[in-house]
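The structure appears right after this line, and notes come after that.
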């Protein structure tokens, strides 16, 4: 009996160790991150194939120490970074790398990094379907020191047919500048606000109950995530319905908005900006959320 328990214990330890040591494959990585890559293509004009290929190459399919410990999938170094940091050997010893709260943030920062740096400006003159041109220009702009960097990206893209995701990102109807299409779930298109909150736009015939069933949410969650007025029993076409909690403040650089074109209530601004109503009321010292705000008034978002 003791020998059996010993064997079982050893087998159990080996099994747990095997699970811990299990590596993520390229295919698993693509399945995990393809939707956010498509959404970033729509919002930031960066080919989804390039984003995924860089993520695979820079993070070793999400298995590198930097990806696991720092949630950094793109090897982005500190530069003017003010957040958390970690140090690793790369081109030089003990180099500084950005650390993120979650891996999704590294995808957002990757898009921001490329689109905000002057040295990468030539990338955005290229066709979004030209992944080979993007791969070569990334090297020319100094993203990586490996002379074979373009070839490595192109090989990943073509072996996994990542260029197919560029078609999805390029053919999806554009929303306004604050929206990015993330994925299709049943009859609704899930959108991601720039404040990083998922939501849908109400269609004809939608009800709170139907939406709750479609997205496996409780009715209480929909009511909690959305600051609807108490008497709102029927959804109207075009209403925004959030599928996640709104933020306590805006993540945008713009700290305020000015009601210049339309008379809105703070409740409506809360839905448009994906910021919790109670937060906006506190920040702006407004006690009546449904009172219309006169045109020209500045509303603080954080």
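Short to long, the 10 Å bins of the Cα pair-distance histogram for the stretch 13-105 hold 16, 41, 32, 9, 1 percent of all pairs. Among 134, 81, 33, 220, a tally of other beta-carbon atoms within 10 Å of each Cβ gives an order, fewest to most, of 220, 81, 33, 134. Spin-label model, residue 229 to residue 300: label points 7 Å out along the Cα-to-beta-carbon direction sit 2.7 nm apart. Here 43, 64 are placed in order of increasing Cβ neighbour count within 10 Å, fewest first, which gives 64, 43. Computed on the Cα atoms alone, the convex hull of the stretch 19-175 gives a volume of 121 cubic angstrom per residue. On the basis of the beta-carbon distance and an R0 of 30 Å, residue 91 and residue 130 show a calculated FRET efficiency of 0.60.
If the segment from residue 201 to residue 148 were pulled out straight at 0.36 nm per residue, it would be longer than the present Cα-Cα gap by 14.6 nm. With the highest mean first, a sort of the peptides 271-280, 112-121 on other beta-carbon atoms found within 10 angstrom per residue produces 271-280, 112-121. FRET efficiency for the pair residue 118 and residue 27, taken as 1/(1 + (r/R0)^6) with r the Cβ-Cβ distance and R0 = 25 Å, rounds to 0.10.
Bear in mind these aren't lab numbers, they're just calculated from the coordinates by the rules spelled out. Nothing here was measured: the structure is a model prediction, and the numbers come from that model. Cβ coordinates were reconstructed from backbone atoms using ideal geometry, including for glycine residues, and neighbour counts include every protein chain displayed.
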